[in-house]
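Written out below as structure tokens is the structure these notes cover.
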Amino acid sequence: MNDPSMVASAMAVGVIGTGHVGLITCLSFASVGHRVTGFDVDASKTETLRQGRMPFHEPGGQAMLEVATASGRLAFTDDIAEAVAGADVVFICVGTPIGASGAANLLAVEQAAREIARAATGPLVVAEKSTVPPGTASQLGRTLGEERPDLVGQLDLLSNPEFLREGRGIEDALHPDRIVVGGSSPRGFAVMRRLYQPFLDAGSPLIETDITSAELAKHASNAFLALKISYANALARVCEASGADIEAVTRILGGDSRIGPDFLGAGLGFGGYCFPKDLAAFAHLSERLGYPFPLLSEVARINDEAVQVAVAMIRDAVSNLEGKRIALLGLSFKPDTDDIRFSPSLTLARALIAEGASVAGYDPVAGAAAKEEIPELQVVDDPYDAATDAACVVIGTAWPEFRALDLARLRELMAFPNLVDGRNFLDSESAEKAGFNYRAMGRPQLRSDPQTSGV
Ligand code: NAD
């Protein structure tokens, strides 16, 4: 598919919150010719963007930022009025963190809606891109009305949930599998069709629906993807008990077109800013609506269990974690991002440190953020440094560069040649050939040699 072509009629777009979703939204709309202004409460982020630098790692982002700002179609402001006044559409892209009760904390969304209403100068479409529980729009509608009774009927609230994946965010934003717009106002739908026309022309389908269904669909999608991962991890436990190989089982399972091969990777489980918090928020919401949806809490439990299984595997490999050095390769929650929020690899690091191990971590881009999160973690600049004198190397994140590791060299540097592949990512035969005592999640161990363990 070609990239979306330049639009004939450029529209003015405001984006409130220039984090992972907001900034990619800015970049994708500017790339098709709209005039975009991004605003964030974090002044240091705005300053970084004004200096032309990405505040986080996203493949392709830096180049797109440079093109968009040089074209004059993308600007960043610390005055929300500049993003809102005169805009055709303003997107709410602020964070929706998990609250103490498990419910989504919608404070930033509400604040953003109030500020947008105050700054509005006339008819405006306000689109929720943040992931919010169904029912949020009706609250936000009231908020807009409270702030600007003079604009009643002119502020159209819509839901436009975002489905991009960090690490592939640009591609996902330019070529979404589907564009979802939930609302009730014909004018709002018409504005969104115009805005997204280049993406529709490039082949992305548009689904227009009511606002509550759009809000719910985002939660339903994330929960289903999380469910697939937890299903594979639960199967991995059965494989471990029965001697079957999860990789063979999921290959067979995923070959069924009704199931599909994606999101069936057994390993340390899911993390990141979306699945864990959205799953909790969805469970909390369902309970509040009178349907507890126990499947969702089971998905989360299986995910937590996956890290515990890895800890047990590492403990078993090195006999006793106390005083042992463990090399942890990969710290971000998944490859191609420096996002460490809810990273299973960091949950694993904490558990190993709690049992007395010293953990030396390496990540191509997330080292500094991980060190800030876990000060006891030793962060090194090279996977071989991490492995030096280690009793076990653990793959925490499936960074493609780990496939190119010189396994023989890695093994030579180590105190004991144990390799626990928390992502079932390396080639087991190559690892065995290099002399490793290789263990993976849900896979039979090819060779177990007590001489090579940390006894
Ligand atoms: P993020 O933390 O990267 O970015 C949120 C930004 O909002 C931050 O820069 C923050 O400073 C800013 N902000 C907070 N309050 C604000 C306010 N009142 N006004 C202006 N800016 C404000 O978060 P994110 O990953 O971009 O996620 C944003 C939303 O999108 C969340 O609801 C998330 O669930 C959803 N989402 C995220 C992803 C993803 O992959 N990260 C994908 C789809 C949907």
Cα-based Rg and Dmax for the stretch 136-266, where Dmax is the largest Cα-Cα distance (Å): 20.1, 69
Neighbourhood charge, 10 Å Cβ-Cβ cut-off, centred on Lys218 and excluding it, Lys, Arg +1 and Asp, Glu -1: -3
Rg(Cα) / (2.2 N^0.38 Å) computed for the stretch 301-452, rounded to two decimals: 0.92
Nearest-ten-degree value, helix 61-70 long axis tilted from longest Cα axis of the chain: 30 degrees
Entries in Lys218/Lys334; Lys371/Lys433; Lys218/Lys371 that, when Cα-Cα distance is taken, lie over 30 Å: Lys371/Lys433; Lys218/Lys371
C-alpha center-to-center spacing [the stretch 50-94, the stretch 253-301] in angstrom: 32 Å
Those trypsin sites (Lys or Arg not before Pro) in the stretch 173-252 that DSSP places in a loop and that have at most 15 other beta carbons within 10 Å: Arg178
Amide H contacts of Leu157 (H built 1.01 Å from N, under 5 Å, at least 5 apart or other chain): Val126
The chain: antiparallel DSSP beta bridges as a percent of all, rounded to 5: 5 percent
Kirkwood-type radius of the stretch 12-209, with distances r between different C-alpha atoms, in Å: 16.7 Å
The chain pair-distance distribution - Cα-Cα, 20 Å bins, rounded %: 24, 51, 23, 2
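Scan the chain and report its longest stretch carrying no GluC sites (Glu not before Pro) that are both in a DSSP loop and have at most 15 other Cβ atoms within 10 Å.
1-321
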Angle between the chain longest axis and helix 20-31 axis [Cα atoms, degrees, rounded to 10]: 60 degrees
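We did not get these values from a lab; they are worked out from the coordinates using the rules stated. These figures come from a predicted structure and were not determined experimentally. All Cβ positions, even for glycine, are placed from backbone atoms using ideal geometry, and neighbour counts span all protein chains on display.
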